[in-house]
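What follows is a set of notes on a single structure, which appears directly below.
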Amino acid sequence: MRRGLARAWMAVVLAALLHNGWMWLVQRRTPETDLLALLPMDERDPTVGRAVANVADAAQQYFVVLVGSTDWTGARAAAAAYSHVLEAHPEWFGPVEQGALDEEQAMAPWWSRRAGLLTAADRRLLLGATPESWASTAMQNLTSPLGTGRIGAWQDDPFGVFRDWLQARAAETPVRPVDGLLRVDDDSMHYAVLPIRLRGRAFSFFAQQAVVPLLYEADSAAQRAAPGIRLLSAGIILPAAAAARQADHEMSTIGWGSLLGIVLLVWLALRSFRPIGLVLLSLGVGTLGALSVTALIYPKVHLITLVFGASLVGTAADYGLNYLCARVGDSRDPWIVMRTLLPGLACGVVTTVVAYLGLALTPFPGLQQMAVFAAVGLVFAWITVALWFPLIGGPAIQSSRLALWFGATRARWPVVNRSATTVAAGVAAAVVIAIGIMRLKPNDDIRLLQNSPPGIIEQEGEVGRILRAPAMTQFYVVRAASESELLVREEQLRVRLDSLATARVIDGYQAVSSWVPSAETQARDHELVATRLYGASGPLSRLATALGEDGTWVEATRRRLVAPAAPLTIKEWLASPISEPYRHLWLGEAGGEWASVVSLQGIDDAKLATLDAAAAGLRGVTFVDKIAEISGLLGRYRREMGWVIAFSYVAIFLLLLPRYGRRAWRVVAPSILASLAALALFGIVGQPLQLFHVLALLIIFGSGVDYAIFLIERPDAREGNAWLGVGLSAMSTLLSFGLLSLSQTPVLRAFGLTMLVGITVSMLASPYFCTDR
């Protein structure tokens with residue numbers, strides 16, 4: 001029976017091995033590196049979730065470079081050298097198609113409807129200014145023409161209303177076409193703007209490996225072409241690649257560091273290569289199983305999951321180490337030893353898996369994936385120990401001096417009793433913990449989890465300032481039952497945003513309706529132009545008199561300039577290169593609802609409440625602050641996970657009660673003390689409490705209960721092997737999770753710091769509560 005189960009398990013392990021080989025070597029899968037994939041989708045509003053995804057996808061596709069110099073000629077030469085490098089790799093880079101506002105072909109849809117396009121200022125002037133003033137303006141345009149933004153001849157737009165409309169559109173960005181390039185000036189610096197479309201996903205591991213070296217090569221080429229230029233870059237691929245490199249480095253460091261640490265510990269304690277091989281076997285099987293099952297459940301395994309999984313090494317070794325330490329000096333049949341240990345090992349794996357699966361209760365896909373990876377890995381490692389170790393473990397293990405010394409310390413360890421020393425220690429610990437927890441302050445700001453290199457962040461901020469780039473995480477979502485109604489609602493919002501721009505609350509905004517007014521607005525403006533500018537006895541008649549033209553000229557001009565035309569449509573706008581930088585604003589139709597995004601320029605945290613209030617009373621308009629939303633979500637789940645931990649303690653206590661009876665409280669006490677100690681320490685040192693600290697308490701709970709179970713199964717103070725197993729297990733876990741505390745990834749560092757404190761306290765407290773004198 002035992003051998004049959006062992007063979008069956010061999011088949012499962014071989015299947016996992018083949019599956020991993022097929023995934024990584026044949027399919028050549030790569031880890032997911034998109035940090036946004038770790039975060040929850042919008043849980044309340046699918047349209048808002050779609051807007052966030054649309055904006056994020058657009059950001060992934062674009063990369064912008066500013067090539068600056070005080071000499072425009074130098075900037076042009078450097079920009080040409082930069083572009084030359086990228087043009088040699090069309091498989092990765094493509095130009096961003098942007099039609100200039102003075103290109104007749106690009107502006108054709110608007111030119112043909114120019115009589116229905118008015119700025120708010122011209123609309124007010126048409127309602128208030130006299131015909132004589134409009135005629136005077138037309139004569140000034142004729143004698144001193146303003147070429148900027150003009151298409152066609154003077155007689156095609158004599159009053160300059162279409163020119164004004166074009167200038168209003170041009171004012172949405174400081175970038176201007178100059179000498180065949182896009183240019184923006186910042187004080188004395190002249191920057192050539194190179195917008196680049198990436199053909200691969202910014203979070204693709206292969207794309208990062210191919211694209212980033214080419215960008216560095218282009219940087220070098222530009223510097224050689226014009227030494228002393230200033231290069232600024234912005235795009236998701238740079239921080240994504242930096243995060244991927246960091247995670248890959250940490251995965252190797254933590255994984256190999258944990259592994260080598262465990263090997264050294266086992267060698268020092270047991271002085272044999274056989275236990276080392278057995279521990280490595282259980283860890284290898286656990287990793288294979290975790291990778292296979294996770295890949296079957298999720299289409300992409302996240303790189304952060306692999307980094308977190310590297311820390312699984314320490315926890316997965318617990319079961320094997322406990323068995324091997326039990327065999328020290330014990331010459332009984334291995335199956336008898338395993339049968340003795342099995343209840344405790346079973347309780348240990350159940351409690352730890354329950355703790356890890358607590359992570360799956362969060363809405364964070366990344367944490368859910370980590371929970372599955374860890375739980376499956378532990379189960380695979382545990383089964384390997386239970387079915388294979390008695391078969392291949394060999395004879396009893398000889399003890400070493402270190403093992404004898406460490407095991408003997410249990411007999412001298414203080415234990416809980418009713419003595420004055422115990423009471424005093426308890427009171428002192430309670431006071432320190434209470435002070436620390438009272439000083440504990442939560443901070444759930446998602447920006448605290450940002451780990452992009454400072455240089456990249458500074459460049460992105462500088463590029464955003466110079467280009468007046470819109471915010472990617474704060475915007476409005478507008479929705480309606482039809483396309484025409486959606487544009488009307490956008491226009492209602494824009495009235496309020498124009499007031500905010502005048503009051504300097506924002507620098508500006510970008511909206512689809514700025515380019516495609518609603519059909520109602522186009523019809524109303526067309527009628528206003530036809531009657532106020534080109535109507536009988538209007539400015540056109542006075543202009544004809546000033547020019548010496550007769551009524552025939554007036555009538556011909558009126559017919560030509562105000563001829564009826566079908567309204568400009570979204571379809572025409574999307575087909576034009578003019579829409580290229582703004583297409584992500586249009587969400588289109590989904591589920592019978594039309595939606596769009598209105599992006600904002602020049603906002604800061606102090607203005608967010610005003611921006612939120614601007615949407616009040618407007619049907620179908622929602623202000624989205626994704627940073628505040630995710631931060632609020634982090635805070636809510638931090639509080640709720642506190643209750644989950646409390647429930648877990650109660651559930652595990654009840655689960656342990658039938659076996660341990662009145663001693664069951666002793667099993668959970670070390671973990672409770674460890675969790676409180678970790679929280680108190682964070683309060684004392686001023687570390688803000690975050691969700692990821694609280695989630696680590698689940699893991700502390702699982703590991704701490706394991707240690708207590710292993711000891712309470714053999715409570716005799718002279719039983720040194722159980723204490724040796726706990727010590728090796730705790731040290732291996734400290735090596736793995738302790739190394740996480742050195743991570744540059746804030747999520748992992750929060751886990752690591754909490755685990756470092758909690759595991760240390762739970763290990764030291766376990767013999768205190770679980771040893772009998």
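The values are calculated or read from the model by the stated rules, or taken from the named source; none is laboratory data. Given the structure is predicted, the values throughout are model-derived calculations rather than measurements. Quick reminder, even Gly has a Cβ in these numbers, built from the backbone with ideal geometry, and neighbours come from all protein chains shown. Keep in mind that these areas ignore ligands, DNA and RNA; they rest on the heavy atoms of the full protein, side chains included. Shrake-Rupley method; radii C 1.70, N 1.55, O 1.52, S 1.80 Å.
Points to keep in mind about this one:
- Pairing residues of the stretch 485-509 that are outside any loop (DSSP other than H, G, I, E, B) with residues that are among the aromatic types (Phe, Trp, Tyr), at Cβ distances under 6 Å and at least 6 apart in sequence or on separate chains, gives Leu486/Trp594; Leu497/Tyr509.
- Across the stretch 721-737, the number of residues qualifying as in contact with a Gly (Cβ under 8 Å, 6 or more places away or on another chain), buried (at least 24 other Cβ atoms within 10 Å of the Cβ) and over 16 Å from Ile699 (Cα atoms) comes to 2.
- Tyr534 hydroxyl-bearing (Ser, Thr, Tyr), open to solvent by less than 40 Å² (accessible area, probe 1.4 Å) and outside any loop (DSSP other than H, G, I, E, B): no
- Residues located in the stretch 609-653, provided they are charged (D, E, K, R), modelled with pLDDT under 85 and open to solvent by 60 Å² or more (accessible area, probe 1.4 Å): Arg636, Glu640
- Only a single criterion out of (1) assigned to a loop (DSSP other than H, G, I, E, B); (2) open to solvent by 10 Å² or more (accessible area, probe 1.4 Å) is not satisfied by Ile672, namely (1).
- Strands (runs of 3 or more DSSP E) fully within the stretch 154-207 counting 1 or more residues that are under 30 Å from Lys300 (Cβ atoms): 189-198
- Count of the stretch 221-238 residues, restricted to those that are open to solvent by 30 Å² or more (accessible area, probe 1.4 Å) and assigned to a loop (DSSP other than H, G, I, E, B), is 3.
- The lone exception for Tyr768 - which of (1) open to solvent by less than 10 Å² (accessible area, probe 1.4 Å); (2) outside any loop (DSSP other than H, G, I, E, B); (3) among the hydroxyl-bearing types (Ser, Thr, Tyr) it fails: (1)
- Failed item in (1) in a helix (DSSP H, G or I); (2) modelled with pLDDT under 75, with Asp318 passing the rest: (2)
- All of Gly257, Gly228, Gly286 fail the test of being more than 30 Å from Thr73 (Cβ to Cβ) and either modelled with pLDDT of 85 or more or among the charged types (D, E, K, R) (or both), apart from Gly286.
- When Val427 is tested against the conditions (1) open to solvent by 40 Å² or more (accessible area, probe 1.4 Å); (2) hydrophobic (A, V, I, L, M, F, W, C); (3) farther than 24 Å from Ile684 by Cβ, the lone failure is (3).
- Hits in the stretch 448-482 (condition: touching a strand residue (DSSP E or B) at 6+ places or on another chain (Cβ under 6 Å), open to solvent by 60 Å² or more (accessible area, probe 1.4 Å) and not in a loop (DSSP other than H, G, I, E, B)): Gln459, Glu460
- Yes/no for Tyr509 being under 30 Å from Ala234 (Cα atoms) and of a type outside the set (Gly, Ala, Ser): yes
- Candidates in the stretch 144-194 are the residues that are at pLDDT below 85 and β-branched (Val, Ile, Thr); of these, the one that is nearest to Arg114 (Cα to Cα) is Ile151.
- Tally, over the stretch 483-500, of residues that are in contact with a strand residue (DSSP E or B) (Cβ under 7 Å, 6 or more places away or on another chain) and among the small types (Gly, Ala, Ser): 0
- Where a residue in the stretch 255-276 is in the same structural domain as Asp330 (by TED's automatic domain parsing) and its partner, wherever it lies, is at pLDDT below 80 and surrounded by fewer than 17 Cβ atoms within 10 Å (Cβ to Cβ), with Cβ under 6 Å and at least six apart: none
This table checks each residue for (1) closer than 30 Å to Ala59 by Cβ; (2) of a type outside the set (A, V, I, L, M, F, W, C); (3) open to solvent by less than 20 Å² (accessible area, probe 1.4 Å); (4) in contact with a Ser or Thr (Cβ under 6 Å, 6 or more places away or on another chain).
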site	(1), (2), (3), (4)
Ala244	yes, no, yes, yes
Asp248	yes, yes, no, no
Ser252	yes, yes, no, no
Trp256	no, no, no, no
Leu259	no, no, no, no
Val263	no, no, no, no
Trp267	no, no, no, no
Arg271	no, yes, no, yes
Arg274	no, yes, no, no
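- Scanning the stretch 512-566 for residues that are in contact (Cβ under 8 Å) with a residue 40 or more places away in the chain and among the acidic types (Asp, Glu) returns a single hit, Asp525.
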